[in-house]
Amino acid sequence: MLGLNKKDATLLGVVAVLVIFAPFILNPFPADSAMAQFNAGYPDLMQRFVIFGIFAVGFNLLFGLTGYLSFGHAAFLGVGSYSAVWMFKLLSMNVIPAILLSMVIAGLFALLIGFISLRRTGIYFSILTLAFAEMSFRLAYSVLTPITNGETGLQLTLEDPRILGQTATESGGIPVTNLFGLEMRSTEVLNLGGWSFQFNNGYYMAGALLLVAFYISIRIFRSPFGMMLRAVKSNQQRMNYTGLNTKPYTLAAFVISGMYAGLAGGLMASMDPLAGAERMQWTASGEVVLMTILGGAGTLIGPVLGAGFIKYFENIFSKINEAVLHSWFHALPDGLENAIVWVFEHFVGSGWHLTLGLLFMLVVTFLPGGLVEGGQRLGRLFGRKKDAEEKTATQSTPAE
Amino acid sequence: MGILEVKNVGKRFGGLQALGDVNLSVAENSVHAIIGPNGAGKSTLLNCLVGKLIPDTGSVMFDGQSVLGRTPYEINQMGISRVFQTPEIFADLTVMENMMIPCFAKRDGAFKLNGIKSVESEAEIRDRAEAMMEDMNLAEKRHMHAASMSRGDKRRLEIAMCLAQEPRLLLLDEPTAGMARADTNNTIDLLKEIKQKRDITIVIIEHDMHVVFSLAERITVLAQGTPLVEDVPSKIKGHPKVREAYLGETAAA
Amino acid sequence: MDAIILQILNGLDKGSAYALIALGLTLIFGTLGVVNFAHGALFMIGAFCAVSLNKLLNLSFETVDPTRTDFLGNPAKIKTPYVESWFGPEFGAALIDWSVPLAILFSIPIMIAIGFIMERGLIKHFYRRPHADQILVTFGLAIVLQELIKHYYGANPIQTPAPDAFRGSFDFGAILGFDPNTIIYPYWRMIYFAFAAVVIGGVFAFLQFTTFGMVVRAGMADRETVGLLGINIDKRFTIMFGLAAAVAGLAGVMYAPINSPNYHMGMDFLVLSFVVVVVGGMGSLPGAVAAGFLLGILESFASMNEIKSILPGIDQIIIYVAAIIILLTRPRGLLGRKGVMED
Amino acid sequence: MNNKLTRRGLLKTGAVGGAGLALPTIFTSGASAFTNEPMGGTVTLGFNVPQSGPYADEGADELRAYQLAVEHLNGEGDGGMLNTFSSKVLEGNGILGKKVEYVTGDTQTKSDAARASAKSMIEKDGAVMITGGSSSGVAVAVQGLCQEAGVIFMAGLTHSNDTTGKDKKANGFRHFFNAYMSGAALAPVLTKMYGTDRKAYHLTADYTWGWTQEESIVAATEALGWETVNTVKTPLAATDFSSYITPILQTDADVLVLNHYGGNMVNSLTNAVQFGLRDKIVNGKNFEIVVPLYSRLMARGAGENVKGIFGSTNWHWSLQDEGSKAFVKSFGTKYGFPPSQAAHTCYVQTLLYADAVARAGSFNPCAVGEALEGFEFDGMGNGKTLYRAEDHQCFKDVLVVKGKDNPTSEFDLLEVVEVTPVEQVTYAPDHPMFAGGALGSCNPGA
């Protein structure tokens, strides 16, 4: 199917089902129940899941395949966002030209940075990319404010020229990003019993693009080009003595991966037309590295899992406050309730970073292959006797 | 005019004259060995041939074209393949993949952005890789990770990868270094077989005189960066200059 | 001229901090081959050793003073530090005043212990793992450490003053023969520089002149061979980790009076110290130190108005510009060795 | 298809409409008049404060104030400022009879994270109002979001002129003072204390807020005769300011103005004192340092160094008016220490919002906005205050403060030098420093 082997087609199918039914899957608890706090099925977070999924899948094309650890990938995401917002300001609120421009600009930016940085390998390469990204961030925050609107972030105003489209709506508001009239922010709500499921246009558009991005990523993994990239990671010396020029391979991977980041940035701006400089800070670059490693570098689905994992903690755990904790445990005797709440308090709300840090350590210590390995172990635990079979299968396709 | 012509090549590293004034001519379809004691400049010379080092003086012509100033992959694309002292293979990849990469390199050149078609659908490449593996007795191991193979198999794989490119000149850098006698003999047989089946020129750098005298048609003896003698094996054996250079080392051979 | 000398002093001062952190980071890179993202956190913990000692010495008992009221109108509680009541007000106050220098003694065993625990408990399991895994686990550790500090000390900076005697500044220019009052420099920053020089010198001497150091240097150059000689290099490497932690910690302790410590100061320094290490060249201790001072001085010069007026914003990015130029002209940084962390 | 951001309110409509039947309700759309219209017996407010990053302590204090405000609105506790507030429509029974509930989130002091957090409150939790924040970048970003989403934004601590200047929004309201007001209040006191022939040297955090404050202070002081020797931008990420401070020694400046906030301010001030600037005598005058925007929480980090240094602040717990006393009492009793200016602003904003809803009789953002616009009130700690209709900025007295020489407790760091009357800090809505933006029209969402 689609030029994929059965296993990959199944994987793509599973991801497609997950994306399509995410509003249900991520909303397992009735909206009024105490557990509703853990629901993640609201448009903003679902959009973030798929957008950061795209970002991480793209990053993995570089890091997972070639082993080149870029510490400046957020710069491409940031540049993509700025391009998209400028497109909204100047041309039209349609997201298509904005996203296209984001990818082109991010690709060009990646070509420039990649061309220079790829002259070095290993940690020297990492530091070069880091240096470029930090420079972009710092300049965007200060000197480049006329283009980036600095600290506040580039946003739409009521005075944008917008060649194709109106400057302001009739009611005096700023027009909304749309796909040929389909508003990105509009949401349908399905109420079923106590559940409330939200279907957001923007999410489905981003989700569709994630599927395309994921599909392309599978194709690249399975292609001769992908094999060459893995060969680069494995032995550059042999590559050279096999008549292969490694530089264009790595540069192509770098640019493709930069364009993925640009796509993610453009989508972020399409969902929410604002581009902030912090998107380019080293912490943001570090985040995508963590997502990829956490999920499982070099695997197809790992980066998406890693992205979801980190974004879930950032958005769900940070919102659990003392009052919520008390409401969970109010059935317990007072002393015990307070004791439990006191313990939990350190790990949620303002302590969400602590939980995340601990989980990083636990995952990497006990699951060397990242979350994907966790999944595989679970699968083996519940799986039938097909073990032996599968082992050989995974061995022959190490890039799974 | 040989296929490989080395003229007046010299190379200095700081104060050390690694290569003095090397002249070498390798005839097409011959097996030419370069021997010499440690530090004689054998590896330096080899590195000058494949583009890893650029000589300070002289010229290196392959099939009438200069290789100087070209990068290793360009030189490889001209038809020179190199086998390393310790096998350089793609350890993280399977044997099959290891074999396919040189086939791609042969067909598509130094770079091709071939990102959509799947490797599996490249029937032509697969067939060639399969054929080569059959030929080299590697077919059984096609799904193994290269890293998990024995040293002998790694060597075999590396040679197979080089041959898959159908090079006109194969450079072997001490292919039996550190091998047990049985493995060494296997390698000698392998190389003999290769030579029998193909029109190929082989230049071999070797320490082990048993290997050299089993394979070589001509031998160049290098000492202190300059060629001492060049001749057929039978003449080399008793040559006084060689004995002197090796200080009796050759007596065993 | 005096402006330039002042900026050189500033640069040396900043460079001292960079060099000390980078030195420890390189020791860990070079000996253990581990990318330690928690190294910034060690620097931060060092600074909080100073804060903690200060707090400890300031532990007080409360007496109610009925003549005064607090902000709610209740009788005010007067706090008296225990040390003042135990050792008399004068000596007690002096003890508190000297808390930062005292913290040096206090911090060395703590930092070494933390280093040991980190290495034995966590890092040693990652020697054979890919660098990516090392980054993830040490980054997780860094987050945990800084969150713990945040939990106990809050997010705001905490003032940790130097002893009163060193709080002011002195006329450094007069010593050099300049006009009075042209080059005025704070005592503590001078002390910091001198301290850094002593620590750096101490580490080098230790590595140069002791058998232990010799083995470790050999291990840095070629771990396998040293292992083959039957020397238990692992044990020595644990000690090296403790040493690296102590160097970072000392850098932190002494830095506390310069800028009030806060829980994320480690992260602020982390990226920078990585840049310093890499610019210096992987695995090279002199390289790390040289790069630290070089980047510190460049940063100081870039913030001069004369230069900023030509290149606006240059002070924001000078370190990165310098790093790029150096890495492009010298493939392995200033003094890097071939093959260390190049793949 | 016309229903924009979704809300839990809708769910409740659905639940009521379905009357508990298992029948699936069809896709709902346009069931309510505005975003997140509260349908049940409760109303949800969103408190979006920094819980991680450099301003986490300030965020924690804001959160305490919000919790206190919710208590007071729901009729618990001692009522705090509800007793002194000039408007008396709030009865301690929630807002419009609906019990006040709240959700919290972490802005991380990053625009992106703050917007994500605010969106989740709007989309998931059904918050009808968002408030909080500790920096102008975040305030402007979240304000823009609330405008698009159709909820009210009651800004927390944000001092940049832009928040109610070029980035003002119809759905956004600011109680906190701004950089212009700091300049207008501070300059006369400075000239009174230090004379009119001073030469000032500015160090300015190199981002939007820093620039607006520099512009404001330069304009205000120059109008009174001061000369500005130089203005130097410092990187946000700077931790050691020594290389920016030593060049000051080479000039003939005799005043240093630090347009820094938070950690930057603590470090630059500490560094400046280390370099002996305060012991210097230039042009026959004592060298002075000024910190135009003070934060007491942060000032603690600078310790002794703040002594005698002038600045301005929105509010201080030592004020003796009835409103301030009532607030300090209930806050201090509950938490054991006095509130910060950020806590004060956040508490007041929550009460003002509730009061506006009560007066308007509706949670509709447009109705609430109308009730707030031009609203005059008193008893909230800054004297008579006006929420100006033209730009949604509060106009009230501004405090000029000085680092206290002999603090009696760890909270007693600042003393109020002067309460600058509101007239002196009022400016025209079209003042050039605030020009360039438009409120637009209020957006109720649906």
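Just so it is clear, none of the values below were taken in a lab; they were calculated from the coordinates. Computed from a predicted structure; not experimentally measured. Positions of Cβ are generated from backbone atoms using ideal geometry, with glycine treated the same way; all protein chains shown enter the neighbour counts.
Within the range A:216-248, list the residues whose amide N lies under 20 Å from a label point set 7 Å along Cα→Cβ of A:A9.
A:216-224
Across peptide C:272-278, what mean number of C-beta atoms from other chains lies inside 10 Å of a residue's C-beta?
Mean partner-chain Cβ count within 10 Å for C:272-278: 4.
Assuming a ≥ b ≥ c are the square roots of the Cα gyration tensor eigenvalues, decide whether the range C:30-134 counts as rounded (a/c under 1.5), prolate (otherwise, with a/b larger than b/c) or oblate.
Cα axes put the range C:30-134 in the prolate bin.
Determine, for C:I297, B:I202, B:I116, D:I130, the number of other Cβ atoms within 10 Å of each Cβ, and report the residues in order from fewest to most.
B:I116, C:I297, B:I202, D:I130
Taking only Cα atoms and a 10 Å spring cutoff, compute GNM fluctuations for chain C and point out the largest among C:A17, C:A322, C:A76.
It is C:A76.
What lysines sit close enough to A:K247 to cross-link, taking a C-alpha to C-alpha distance under 25 Å and skipping anything fewer than 8 places away on the same chain?
Within the straight-line cut-off, A:K247 pairs with A:K233, B:K52, B:K106, B:K112, B:K117, C:K338.
For A:V212, A:V15, C:V321, D:V103, what's the fewest-to-most ordering of other Cβ within 10 Å of each Cβ? Walk me through the numbers before you get to the answer.
On the way: A:V212 12, A:V15 20, C:V321 16, D:V103 24.
Least to most surrounded, the residues fall as A:V212, C:V321, A:V15, D:V103.
With Cβ to Cβ distances under 14 Å as the rule, what net charge do the other residues near D:T221 carry (K, R +1; D, E -1)?
-4
Could you pull out which residues in the range A:99-133 have an amide N less than 19 Å from a spot 7 Å beyond the Cα of A:L164, following the Cα-Cβ vector?
Residues passing the 19 Å test: A:99-105.
Return the aspartates and glutamates within reach of D:K166: Cα separation strictly under 12 angstrom, same-chain partners fewer than 8 residues apart disregarded; answer none if there are no such residues.
Partners found: A:E159, D:D391, D:D430.
What shape does the range B:75-141 take by its C-alpha gyration tensor, where a ≥ b ≥ c are the square roots of the eigenvalues and a/c under 1.5 counts as rounded, a/b above b/c as prolate, and the rest as oblate? Could the numbers behind the result be given before it?
Details: a/c = 1.59, a/b = 1.09, b/c = 1.47.
It comes out oblate by the Cα gyration axes.
Averaged across A:292-301, how many Cβ atoms of other chains sit within 10 Å of each residue's Cβ atom? It would help to have the intermediate numbers written out before the result.
Numbers: counts 2, 9, 2, 0, 0, 4, 3, 0, 0, 0.
Counting other chains' Cβ atoms within 10 Å and averaging over A:292-301 gives 2.
With only alpha-carbon atoms counted, please give the Rg and Dmax of the range C:121-236, in Å.
22.3, 62
Return the average number of partner chain Cβ atoms within 10 angstrom of each residue Cβ along peptide D:317-329.
Taking the mean over all residues of the peptide, I get 1.
If I take R0 = 41 Å and measure r between the Cβ atoms of D:E376 and D:K192 in this structure, what FRET efficiency does the formula 1/(1 + (r/R0)^6) give, to the nearest 0.05?
0.85
Normalised by the number of residues in the range D:226-358, what is the relative contact order in percent for Cα pairs under 8 Å and 6+ residues apart?
18 percent
Under the rule that a partner needs its Cβ under 4.7 Å from the first Cβ, which Cys of the protein assembly as shown have none?
Result for the protein assembly as shown is B:C48, B:C103, B:C162, C:C49, D:C146, D:C346, D:C394, no neighbouring Cys Cβ within the cutoff.
Which shape class, rounded, prolate or oblate, goes with the range C:2-329 when its Cα gyration tensor gives a ≥ b ≥ c as root eigenvalues, a/c under 1.5 marks rounded, and past that a/b bigger than b/c marks prolate?
oblate
I need the phi-derived Karplus couplings for the range D:391-403: 6.51 cos²θ - 1.76 cosθ + 1.60, θ = phi - 60°, integer Hz, Gly and Pro marked x.
9, 6, 10, 7, 10, 7, 5, 10, 9, 9, 10, 9, x
Give a residue-ordered list of calculated ³J(HN,Hα) values for the range B:94-102 (Karplus: 6.51 cos²θ - 1.76 cosθ + 1.60, θ = phi - 60°; whole Hz; x for Gly, Pro).
7, 4, 4, 5, 4, 6, 6, 4, x
Spelling out what I want: for every residue of the range D:363-368, take phi, set θ = phi - 60°, compute 6.51 cos²θ - 1.76 cosθ + 1.60 (Karplus), and round to whole Hz; glycine and proline get x.
8, 4, x, 5, 5, 5
Would you calculate a helix-derived [θ] at 222 nm for chain D, using -39,500 (n - 2.57) for each DSSP H run of n ≥ 4 and dividing by the full residue count, to the nearest 500?
Here the helix-only value at 222 nm equals -11500 deg cm²/dmol.
I want the local charge near A:G114. Using Cβ-Cβ distances under 14 Å, sum +1 for each Lys or Arg and -1 for each Asp or Glu among the other residues.
Within the 14 Å Cβ shell, the charges total +3.
Kindly state, to the nearest 0.05, the FRET efficiency for B:A180 paired with B:D21, given R0 = 41 Å and r defined as their beta-carbon distance.
It comes to 0.60.
Skipping prolines and chain starts, which residues have an amide H placed within reach, meaning under 5 Å, of the one on B:S25, given they are 5 or more residues away or on another chain?
B:V6
Treat the count of other C-beta atoms within 10 Å as a stand-in for reagent exposure and order D:L90, A:L2 from fewest to most.
Ascending Cβ contact count within 10 Å gives the list A:L2, D:L90.
Report, in degrees rounded to the nearest 10, the 0 to 90 angle that the Cα long axis of helix D:341-360 makes with the longest principal axis of chain D.
Result, in degrees: 40.
If we count trypsin sites (Lys or Arg not before Pro) as exposed when they sit in a DSSP loop and have at most 16 other beta carbons within 10 Å, what is the longest stretch of chain A that avoids them all?
A:120-383
Which of the residue pairs D:K280/D:K307; D:K199/D:K233; D:K325/D:K396; C:K150/D:K233; C:K79/C:K150; C:K150/D:K329 have a Cα-Cα distance greater than 23 Å in the structure shown? Display every interim value, and only then the final one.
Numbers: D:K280/D:K307 16 Å; D:K199/D:K233 18 Å; D:K325/D:K396 18 Å; C:K150/D:K233 30 Å; C:K79/C:K150 25 Å; C:K150/D:K329 28 Å.
The pairs that break the limit, which is 23 Å between Cα atoms, are C:K150/D:K233; C:K79/C:K150; C:K150/D:K329.
Less than 12 Å Cβ to Cβ from B:N76, Lys/Arg counted +1 and Asp/Glu -1: what total charge do the surrounding residues give?
Numbers: positive: A:R238, B:K52, B:R70, B:R82, B:K106, B:R168; negative: B:E74, B:E166.
Here the count lands on +4.
For the protein assembly as shown, what is the Kirkwood estimate of the hydrodynamic radius, computed as the reciprocal of the mean inverse distance between distinct Cα atoms, to one decimal in Å? Show your work: numbers first, answer last.
Numbers: mean 1/r = 0.0287 Å⁻¹.
About 34.8 Å for the protein assembly as shown.
What distance in nm separates the simple spin-label points at A:L381 and C:I117, each placed 7 Å from Cα in the Cβ direction?
Placing both labels 7 Å beyond Cα along the Cβ direction yields 3.0 nm.
Give the lysines reachable from B:K241 as a straight Cα distance under 26 Å; neighbours fewer than 8 places away on the same chain don't count.
Result set, ordered by chain and number: B:K7, B:K11, B:K42.
Given DSSP loops and a limit of at most 14 other Cβ atoms within 10 Å, what is the longest stretch of chain C that contains no such trypsin sites (Lys or Arg not before Pro)?
No qualifying site falls inside C:129-337, the longest such stretch.
Can you list which of the chymotrypsin sites (Phe, Trp or Tyr not before Pro) found in the range D:338-411 are DSSP loop residues with at most 16 other C-beta atoms within 10 Å?
none
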